[in-house]
Each structure stands twice: as C-alpha cells, then as structure tokens.
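Note sheet for the following structure.
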Amino acid sequence: MVARDVQETAYILKEFSASDPVWRAVPLKYPQWRWIMRRVQAIRDYPYSEIRDNLIADGVQPLDILRLKLSFCGVLQFNSKSDLWLRVNMYQDVPLPPQLQRRLSGGA
C-alpha cells in the first residue's frame, strides 16, 4: 500500500514545476497525500526507516522482518527452530529492578 501511494504521489508531483515548494503546493491541492509526502521526505534523513524488500516475493521469510522489528525492542539473540516461530532472549544483561535500586542509592 505504501509503495502504491508513493508511486501515485510521484505521478502527482509531475503536475508541479520544479520551482514550486513541495511542502506548500502538494498539501494545498492534495491534502490526502500529506502523510506520504512526510514519509518520503523522512527517508532522506533516515535511510533505514523503511523495509526495502519485496514482501510478497517467494523467498521472503516473515521471520526476517520479525527479527528486524524485535531488534528495536532490545532482542539481540534469536533462536529459530523453524520458519514458523522464533525463540528470543530479550533485555540480556539489562539490570533487574533491585540492581537499579542499589545503583540509584549509591550501592555497588
């Protein structure tokens, strides 16, 4: 859906001249595309902000995307026994609440 909307927005941009500021011209005439314009502009500064893979291709494994998403939540070790489920180790080496309390109170 995102790729389709990006393609449609690229088609819409052809209506405007190069001197038109995109941030002003597009939202005024096409407010429904404001969200996709913001998303496309963010990619310039954050090249890894979007998954760049053909998610409907035969070789794509859903676990690959799940690993990516879980890595943002602190999962560092993955143990996949099959392509249907995944065992993970979250927050490895993160201190437990009692350990944090000791550190905050000045203890070792």
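Any read-out appearing in this document is the output of simple, stated calculations on the displayed coordinates, not a laboratory observation. What you see is a predicted model, and the numbers here were worked out from it, not measured in a lab. All Cβ positions, glycine included, derive from the backbone under ideal geometry; neighbour counts span all protein chains shown.
The residues on offer are VAL6, VAL26, VAL60, and the sole one that is among the aliphatic types (A, V, I, L, M) and under 30 Å from GLN92 (Cβ atoms) is VAL60. Residues in region 1-31 that are out of contact with any helix residue (DSSP H, G or I) (no Cβ under 7 Å at 6 or more places or on another chain) and closer than 30 Å to LEU68 by Cα: MET1, VAL2, ALA3, ARG4, GLN7, GLU8, ALA10.
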